[in-house]
Amino acid sequence: MSDGAIDLHAHTTHSDGSASPKELIERANAKGARSIAVTDHDTVDAFAEARAAADRLGVEFIPGIEISADFSPGTMHILGYLIDGEAPALKEQLAMLKNAREKRNPEIARRLEGLGFDISYEEVAQLAANNVVGRPHFASVLVKKGYVRSIQEAFDRLLKKGAPAYVEKARLSPRDAIEVIHGAGGVAVLAHPYQLKLSSYQAADELVADLAALGLDGIEAIYSRHSPDQRSRYSEIALRHDLLITGGSDYHGSYKPDIDLVTGLGDLEVPYALLEALKARAIDSDAKPQEKGIESARA
Ligand code: AMP
Ligand code: ZN
Ligand code: FE
Ligand code: FE
């Protein structure tokens, strides 16, 4: 691995990762990473512990988040980087999203029971230690009980969009997801675009144009499960729309056992220069409201 590798996409036990914030940072350090972003689903609760561990080990900690946005046919996740986890509007939206999960999750358990599986929501929530409970926790309980052989099989047969135990949850619109990240001082990046399940790169290009008009800042073109061709095609789309290119593994520990931190499936390499561009964009967008303020003061 080259010097200065980074990873801008990782989950902890505060959402659906199996490593605690401290363990995650220790793993990043052991893998020689210079910087690591924590991007849990819908929560910033890992930040304090991750930051302390990172300071101790001399790893650079980047505060991040992953927000699910309303989209079909596939899945749209928006990553937020360098956010202020204390921003009131962000906290308010995260409380709303937590609520939406708490409505959906018991319904998934009921569906599974209805399909004949002996599974209670209590044991799933317990596995998640009552942090942000996600479908991977359901999948893990199904594996432990011997109903399926792997987390992936649980998704394919039961939990993925359109499968018998899939239940929709309320999500933010792409516009609101980008806005809440910007409102917290962050940079908004379209995660793993292959999961949008669009029919062509042309369709992806058109969607990215729309999202860029809403203020999207970048695309996660370098992603564990992207092929080399996908990495270069999504990078081209980013450059065409003046967007940043970012990259990360989407490490979930034992919940995605084939993906390792920093190296992904073995061929991931995210250069530090991408993080420098991301930081520059964060500073740049910080300056924008002030510029506007000066203009309106003059008007
Ligand atoms: P949730 O936010 O609770 O709906 O869970 C979303 C998480 O489930 C994603 O971040 C992935 O970790 C995982 N996931 C979603 N779809 C799949 C899939 N088809 N196969 C494996 N894991 C998936
Ligand atoms: Zn996840
Ligand atoms: Fe995601
Ligand atoms: Fe993720």
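No value in this document is a laboratory result; all are computed from the given coordinates. Values in this document were obtained by computation on a predicted structure and should not be read as measured data. Cβ atoms come from the backbone with ideal geometry, glycine included; neighbour counts cover every protein chain shown.
Using a 7 Å offset from Cα along Cα-Cβ at residue 86, what residues in region 172-202 end up with backbone N under 16 Å from the label point? Backbone N within reach: 184-186.
Available extension along the chain between residue 258 and residue 160 is 33.4 nm, counting 0.36 nm per residue and deducting the alpha carbon span. Compute the distance in nm between two label points, each set 7 Å from the Cα along the Cα-to-Cβ direction, one at residue 210 and one at residue 60. Modelled inter-label distance: 3.5 nm.
Entry note, the chain: the mean residue ellipticity at 222 nm calculated from DSSP H runs of n ≥ 4, each adding -39500 (n - 2.57), is -14000 deg cm²/dmol after division by the residues and rounding to the nearest 500.
If the limit is 23 Å between Cα atoms, which of 145/256; 31/256; 197/279; 160/197 go over it? As for pairs spanning more than 23 Å Cα to Cα, those are 197/279.
Starting from the Cα-Cα distance between residue 241 and residue 167, subtract it from 0.36 nm times their residue separation and give me the gain in nm to one decimal. Each step should come with its number before you reach the end.
Details: separation 74, 0.36 × 74 = 26.64 nm, distance 3.44 nm.
Using 0.36 nm per residue and subtracting the Cα-Cα distance, I get 23.2 nm.
Cross-link partners of residue 91 among aspartates and glutamates, defined as those whose alpha carbon lies under 19 angstrom from its own and excluding same-chain residues fewer than eight positions apart: 40, 42, 45, 49, 66, 102, 176, 179.
Over the chain, what is the relative contact order in percent, taking alpha-carbon pairs closer than 8 angstrom and at least six residues apart?
On the way: 567 pairs, mean separation 64.0, N = 299.
Computed over the chain, the figure is 21 percent.
Comparing 55, 250, 42 in a Gaussian network model of the chain (Cα springs below 10 Å), the most mobile by mean-square fluctuation is 55.
Annotation for residue 197 and residue 98: the two label points, set 7 Å from Cα along the Cα-Cβ direction, are 3.0 nm apart.
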